[in-house]
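Student: First the structure, then my questions, so here it is.
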Amino acid sequence: MASSPSTPVMKEDGECRNWSELPYELMASILSRLDTFDILENAQKVCTSWHRVCKDPAMWRKIDFRYFGDKKYNLEIMCRHAVDLSQGGLLEIDISCFGTDSLLNYIADRSSNLRSLELALISVTTEGLAEAIGKLPSLEELKITEFAMWGGYLKVVGQSCPKLKTLNLNCIRIGFDPPFYVSDDDALAIAETMHGLRFLQLFSNGLTDAGLKAILDNCPDLEHLDLNHCFNVNFSGDLEKRCSERIKVLVRPGSPRIFDFSIFEDSVTLDSDHDL
């Protein structure tokens, strides 16, 4: 049986040590390695000293419920509590499996220093994203998963987040068929408003060579470009040469990729005969 924090633990030299009497910094370092759920539901309830550490705002700079799928817990309520514990110090958060407009705006209202945000446009709407993103001027990394071709919001993102360096825009469709649409709207919005990008991932996007050219022309710091499943891109003219000269990591449209749909199974019904 594992020892409780109040139970003396034998060290190699034969000396006993009480877990609850570990130095605060060491205890915080150990507990910070737990995931968000374990801290909220387990660690902070063990003893007074652990509870004190778990209430420290420094423990809540990153919140991630991504792979937790137990339906008996209300993750939105738990997430709000974690955001409150951060006391404005939150830097990274992933709400891709359960986020809503109200939760996203709750986070934005209390986390103006947020640097990394990951979400899915399922329960979160483009309107909700547009409203919240204006409150996050320090955002450097944004990861968005779409299950439909929403469009129209990227320009707002770029205008609201001048420090943005990483954008992952993934349109997930059943069967990984080539895009059923051709559109450079996303690419042009990126080119117009996101000049500081270093990492760009556009999975199953409808951009063409014209959109790619606009991105290369207007994002001079771009080093990593992922165009997986962007089958309207043909690298015509000098685009092949420009990419080889400028882009350190280039993922081409036909590169293999496996996406784990299971993390969204409670939010969207996937039907192989229906395009989302």
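Student: Does L212 fit the bill of being assigned to a loop (DSSP other than H, G, I, E, B), buried (at least 19 other Cβ atoms within 10 Å of the Cβ) and at pLDDT 95 or above?
Tutor: Here the answer is no, as L212 does not meet what is asked.
Student: A further question on this structure: Scan the stretch 116-142 for residues that are in a loop (DSSP other than H, G, I, E, B) and either at pLDDT below 90 or more than 21 Å from A191 (Cα to Cα) (or both) and report the count.
Tutor: The qualifying residues number 5.
Student: Okay, next question. Might you let me know whether the stretch 178-190 holds any residue that is touching a His at 6+ places or on another chain (Cβ under 8 Å) and assigned by TED's automatic domain parsing to the domain that holds K135?
Tutor: Yes - at least one qualifying residue is present in the stretch 178-190.
Student: Kindly check whether there is at least one residue in the stretch 84-97 that is assigned to a helix (DSSP H, G or I) and of a type in the set (A, V, I, L, M).
Tutor: Yes, some residue in the stretch 84-97 is assigned to a helix (DSSP H, G or I) and of a type in the set (A, V, I, L, M).
Student: In this structure, is T145 hydroxyl-bearing (S, T, Y), modelled with pLDDT of 95 or more and under 27 Å from L104 (Cα atoms)?
Tutor: no
Student: Consider only pairs whose beta carbons are under 7 Å apart and that are at least six residues apart or on different chains; among these, list those whose first residue lies in the stretch 14-41 and is modelled with pLDDT under 80 and whose second residue is assigned to a helix (DSSP H, G or I) and among the acidic types (D, E).
Tutor: If the second residue must be assigned to a helix (DSSP H, G or I) and among the acidic types (D, E), no pairs are left.
Student: Go through the stretch 110-125 residue by residue and tally those that are touching a helix residue (DSSP H, G or I) at 6+ places or on another chain (Cβ under 9 Å), buried (at least 18 other Cβ atoms within 10 Å of the Cβ) and closer than 18 Å to N168 by Cα.
Tutor: Here the count works out to 7.
Student: A further question follows. Out of (1) surrounded by fewer than 20 Cβ atoms within 10 Å (Cβ to Cβ); (2) among the β-branched types (V, I, T); (3) at pLDDT 95 or above, the odd one out for I107 is which?
Tutor: (1)
The values are calculated or read from the model by the stated rules, or taken from the named source; none is laboratory data. On a predicted model such as this, the values are computed, not experimentally measured, just so you know. Cβ sites come from the backbone with ideal geometry, for glycine too, and all protein chains shown count toward neighbours.
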